[in-house]
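Accompanying notes for the structure given below.
The values are calculated or read from the model by the stated rules, or taken from the named source; none is laboratory data. Remember, it's a predicted structure, so these values are computed and weren't measured experimentally. A quick note on method: Cβ atoms are made from the backbone with ideal geometry, for glycine too, and the neighbour counts reach across all protein chains shown.
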Amino acid sequence: MKRRTMIQAGLAAGPLAALPAAAQPAIQRCVLWHIFTLDTDFIHPAIRLWNERNPRTLIEPRLVPLAQLNAEVTRAFASGDVPDIVTLDNSAMASFSS
């Protein structure tokens, strides 16, 4: 990080650090449904990295088995309780586009 960028970031964060905990912005949570079961899959380190770098906007992953994903997404849309992000493959995308 360049010195100027670091100084600007510090100046921007300064007023927030001075606020009492109750006055600071609430933590935002982003629900992510995915199908990736292995710890070595790309998504797991990406989520950890995002959450480390963005402590006020956290990704909450939920593993949904591939065989159940389309049914779960359909139920979510029908109930109005949808996740913020869903990983879909190209063949499933068309069925949810309308």
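Observations on the structure shown:
- Residues of region 42-78 that are surrounded by 14 or more Cβ atoms within 10 Å (Cβ to Cβ), within 19 Å of Ile27 (Cβ to Cβ) and not hydrophobic (A, V, I, L, M, F, W, C): Asn51, Pro61.
- Only a single item in (1) part of a loop (DSSP other than H, G, I, E, B); (2) modelled with pLDDT under 70 is not met by Leu88, and it is number (2).
- Filter pass, Asp81 being closer than 21 Å to Gln28 by Cβ, free of Cβ contacts under 8 Å to residues at least 60 places away in the same chain and either assigned to a loop (DSSP other than H, G, I, E, B) or hydroxyl-bearing (Ser, Thr, Tyr) (or both): yes
- Residue ID - farthest from the chain's Cα centre (by Cα), chosen from residues in region 30-44 that are assigned to a strand (DSSP E or B) and more than 13 Å from Leu88 (Cα to Cα): Val31
- Among the residues listed as Ile47, Ile7, the single one being modelled with pLDDT under 90, out of contact with any helix residue (DSSP H, G or I) (no Cβ under 9 Å at 6 or more places or on another chain) and assigned to a helix (DSSP H, G or I): Ile7
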